[in-house]
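Colleague: Quick one: this structure, given as structure tokens, is what I'll be asking you about.
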Amino acid sequence: MTTQSLIIDCDPGVDDAVALMLAFGSARLELLAVTTVGGNVPLKKTTRNALMLRQIAGREDIQVRPGADRPLRRKPAGASEFHGEEGLGYLPPFTPDRGIADGHGVDAIIDNVMSRPEGSVALAILGPMTNLAHALRKEPMIQKRLGPVAVMGGARSEGGNITPSAEFNIWADPEAADEVLRSACPVVMFGLDVTHQVRATDARIARLAALGTARGDTAAAMMRFSQDVEKRIVGWDAPPLHDPCPVAWLMNPDLFTLKPCRIAVEVQSELTRGHTAVEFRVDPETAPHRWATGVQADGVFDLIAESCA
Ligand code: RIB
Ligand code: CA
């Protein structure tokens with residue numbers, strides 16, 4: 001099995017936590033680093049949460065490096081109503097045995113991409129795109145050397161989740177998303193159009209809980225928290241599972257349907273701040289981006305169960 005070298009940039013976050021359990025447990029990936037960003041909860045908490053999850057998963061061989069604590073220009077936003085005050089739902093915080101590695105998260109991206117073969121390092125962005133925007137400003141060459149940049153963000157046919165027209169990750173730092181999408185980075189975006197097709201049903205959660213492993217228990221607990229809050233706030237019985245989608249695609253691209261496109265982001269209007277305008281009327285050969293439109297959700301949960309076994 002060929003492995004994909006990968007950096008995960010995230011803001012744990014209950015669905016980030018499931019994505020990390022998916023990655024930490026997979027032989028399909030060579031996880032080079034986990035970088036953190038302020039997003040669902042402040043950077044201090046997203047970084048502590050990444051360290052906690054790394055310890056639970058038994059992967060203290062993977063370095064965790066904190067990145068940006070605020071967006072490029074906007075005030076830091078949060079989404080603790082969907083993730084809990086501490087960011088990991090019902091999981092009580094603890095002090096991890098081991099701490100962060102030396103160096104800023106932005107430099108983790110630059111150093112790994114510049115030191116490895118061109119196109120060999122993929123980046124999965126599961127929160128605001130601030131760290132990659134900073135990395136592009138500091139070392140523009142990475143746009144030509146990065147492998148796939150798989151982003152959880154945006155919305156087209158589904159509408160927004162933080163405002164009627166915008167998804168949280170893009171809305172939180174629209175300038176960062178704009179700079180990344182205007183670069184030559186090969187962005188594949190997994191927006192609400194596809195993540196809303198991946199639902200954490202009781203049966204899927206029970207399958208993970210039945211594994212009897214720390215990773216399975218943690219993934220199940222995160223989904224149960226999402227079930228509770230999404231039922232209360234949105235009225236859904238089965239919450240969508242957003243952040244595992246980009247990671248699952250990197251592990252098995254055949255599970256997803258992608259369309260060539262050009263994606264632009266609203267940065268002017270406050271009403272539509274962070275809206276992703278996804279244009280499919282492009283030349284497939286030269287289209288700069290791809291947008292996920294379909295997914296085999298059972299296949300995603302098969303991967304999660306495989307990683308959590
Ligand atoms: O809109 C969903 C995204 O916002 C996910 O990445 C979730 O963790 C939150 O950051
Ligand atoms: Ca996230």
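Colleague: Residue 166 passes all but one of (1) over 21 Å from residue 295 (Cβ atoms); (2) small (Gly, Ala, Ser); (3) more than 15 Å from ligand 1 (Cβ to nearest atom); which number fails?
Modeller: (3)
Colleague: Checking residue 56 against (1) touching a Ser or Thr at 6+ places or on another chain (Cβ under 7 Å); (2) surrounded by 24 or more Cβ atoms within 10 Å (Cβ to Cβ); (3) among the hydrophobic types (A, V, I, L, M, F, W, C); (4) within 21 Å of residue 226 (Cα to Cα), which test does it fail?
Modeller: Going through the list (1) touching a Ser or Thr at 6+ places or on another chain (Cβ under 7 Å); (2) surrounded by 24 or more Cβ atoms within 10 Å (Cβ to Cβ); (3) among the hydrophobic types (A, V, I, L, M, F, W, C); (4) within 21 Å of residue 226 (Cα to Cα), residue 56 breaks only (2).
Colleague: Quick check: anything in the range 128-143 more than 22 Å from residue 12 (Cα to Cα), touching a helix residue (DSSP H, G or I) at 6+ places or on another chain (Cβ under 7 Å), small (Gly, Ala, Ser) and away from ligand 2 (no atom under 16 Å from the Cβ)?
Modeller: No, there is no match, as no residue in the range 128-143 is more than 22 Å from residue 12 (Cα to Cα), touching a helix residue (DSSP H, G or I) at 6+ places or on another chain (Cβ under 7 Å), small (Gly, Ala, Ser) and away from ligand 2 (no atom under 16 Å from the Cβ).
Colleague: Check off (1) within 14 Å of ligand 1 (Cβ to nearest atom); (2) in a strand (DSSP E or B) for residue 5 and give me the number that stays unchecked.
Modeller: Failing condition for residue 5: (1).
Colleague: Now, a different point. Somewhere in the range 142-157, is a residue away from ligand 1 (no atom under 16 Å from the Cβ), touching a Pro at 6+ places or on another chain (Cβ under 6 Å) and more than 26 Å from residue 216 (Cα to Cα)?
Modeller: As a first pass, look at the range 142-157 and keep what is away from ligand 1 (no atom under 16 Å from the Cβ): 142-148.
Now restrict to residues that are touching a Pro at 6+ places or on another chain (Cβ under 6 Å): 148.
Then keep just the ones that are more than 26 Å from residue 216 (Cα to Cα); that gives 148.
Taking every residue of the range 142-157 in turn, at least one turns out to be away from ligand 1 (no atom under 16 Å from the Cβ), touching a Pro at 6+ places or on another chain (Cβ under 6 Å) and more than 26 Å from residue 216 (Cα to Cα).
Colleague: Against the definition (of a type in the set (A, V, I, L, M, F, W, C), more than 11 Å from ligand 1 (Cβ to nearest atom), over 25 Å from residue 274 (Cα atoms) and surrounded by fewer than 24 Cβ atoms within 10 Å (Cβ to Cβ)), how does residue 200 come out, yes or no? Don't jump to the end; show me each part of the working.
Modeller: Working: of a type in the set (A, V, I, L, M, F, W, C): yes; more than 11 Å from ligand 1 (Cβ to nearest atom): yes; over 25 Å from residue 274 (Cα atoms): yes; surrounded by fewer than 24 Cβ atoms within 10 Å (Cβ to Cβ): no.
So residue 200 fails the test.
Colleague: Identify, by number, the condition in (1) more than 16 Å from ligand 1 (Cβ to nearest atom); (2) of a type in the set (Gly, Ala, Ser); (3) surrounded by 24 or more Cβ atoms within 10 Å (Cβ to Cβ) that residue 124 doesn't meet.
Modeller: The number of the failed condition is (1).
Colleague: Tell me which residues, restricted to the range 43-67, are within 17 Å of residue 84 (Cβ to Cβ) and either of a type in the set (Lys, Arg) or out of contact with any strand residue (DSSP E or B) (no Cβ under 7 Å at 6 or more places or on another chain) (or both).
Modeller: 44, 45, 48, 49, 52, 53, 56
Colleague: Go through the range 96-111 and give me each residue that's farther than 22 Å from residue 71 by Cβ and not in a loop (DSSP other than H, G, I, E, B). Full working, then the answer.
Modeller: The first filter runs over the range 96-111 and keeps only residues farther than 22 Å from residue 71 by Cβ, leaving 96-99, 101-102, 111.
Hit for the range 96-111 is 111, nothing else.
Colleague: Can you find, within the range 82-121, the residue that is surrounded by the most Cβ atoms within 10 Å (Cβ to Cβ) among those that are of a type in the set (Asp, Glu) and over 22 Å from the mean Cα position of the chain (by Cα)? Reasoning before the result, please.
Modeller: Filtering the range 82-121 down to residues of a type in the set (Asp, Glu) leaves 85-86, 97, 102, 107, 111, 118.
In the following step, the residues that additionally are over 22 Å from the mean Cα position of the chain (by Cα) were identified as 97, 102, 118.
Working: 97: 10, 102: 8, 118: 12.
Here the residue is 118.
Colleague: For the condition more than 13 Å from ligand 1 (Cβ to nearest atom) and of a type in the set (A, V, I, L, M), what is the one hit in 77, 17, 108?
Modeller: On the way: 77 fails: more than 13 Å from ligand 1 (Cβ to nearest atom); 17 fails: more than 13 Å from ligand 1 (Cβ to nearest atom).
The conditions single out 108.
Colleague: Moving on. Can you pull out the residues in the range 231-248 that are under 25 Å from residue 36 (Cα atoms) and either modelled with pLDDT under 95 or surrounded by 24 or more Cβ atoms within 10 Å (Cβ to Cβ) (or both)?
Modeller: 239, 241, 242, 243, 244, 245, 246, 247, 248
Colleague: If you don't mind, another one. Go through the range 51-95 residue by residue and tally those that are farther than 14 Å from residue 11 by Cα and not in a loop (DSSP other than H, G, I, E, B).
Modeller: Within the range 51-95, the first condition is being farther than 14 Å from residue 11 by Cα, and the residues that meet it are 55-63, 72-75, 81, 90-95.
Narrowing further to those that are not in a loop (DSSP other than H, G, I, E, B): 55-56, 63, 81.
Total satisfying the criteria: 4.
Conditions tested, residue by residue: (1) surrounded by fewer than 21 Cβ atoms within 10 Å (Cβ to Cβ); (2) more than 17 Å from the chain's Cα centre (by Cα).
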| residue | (1), (2) |
| --- | --- |
| 167 | no, no |
| 171 | no, no |
| 183 | yes, yes |
| 191 | no, no |
| 210 | yes, yes |
| 220 | no, yes |
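Colleague: Just to be sure before I move on: is residue 56 touching a residue at least 12 places away in the same chain (Cβ under 8 Å), β-branched (Val, Ile, Thr) and within 21 Å of residue 217 (Cβ to Cβ) in the structure I sent?
Modeller: Numbers: touching a residue at least 12 places away in the same chain (Cβ under 8 Å): yes; β-branched (Val, Ile, Thr): yes; within 21 Å of residue 217 (Cβ to Cβ): yes.
Spelling it out, residue 56 is indeed touching a residue at least 12 places away in the same chain (Cβ under 8 Å), β-branched (Val, Ile, Thr) and within 21 Å of residue 217 (Cβ to Cβ).
Colleague: Considering only residues that are under 28 Å from residue 157 (Cα atoms), β-branched (Val, Ile, Thr) and either in contact with a helix residue (DSSP H, G or I) (Cβ under 6 Å, 6 or more places away or on another chain) or assigned to a helix (DSSP H, G or I) (or both), which ones fall in the range 188-247?
Modeller: Scanning the range 188-247 gives 194, 195, 198, 205, 229, 233, 247.
Colleague: Another question about this same structure. Tally the residues that are out of contact with any helix residue (DSSP H, G or I) (no Cβ under 7 Å at 6 or more places or on another chain) and assigned to a helix (DSSP H, G or I), restricting the search to the range 144-171.
Modeller: Final tally of qualifying residues: 4.
The values are calculated or read from the model by the stated rules, or taken from the named source; none is laboratory data. Because the structure is predicted, anything quoted here is derived from the model rather than measured. All Cβ positions, even for glycine, are placed from backbone atoms using ideal geometry, and neighbour counts span all protein chains on display.
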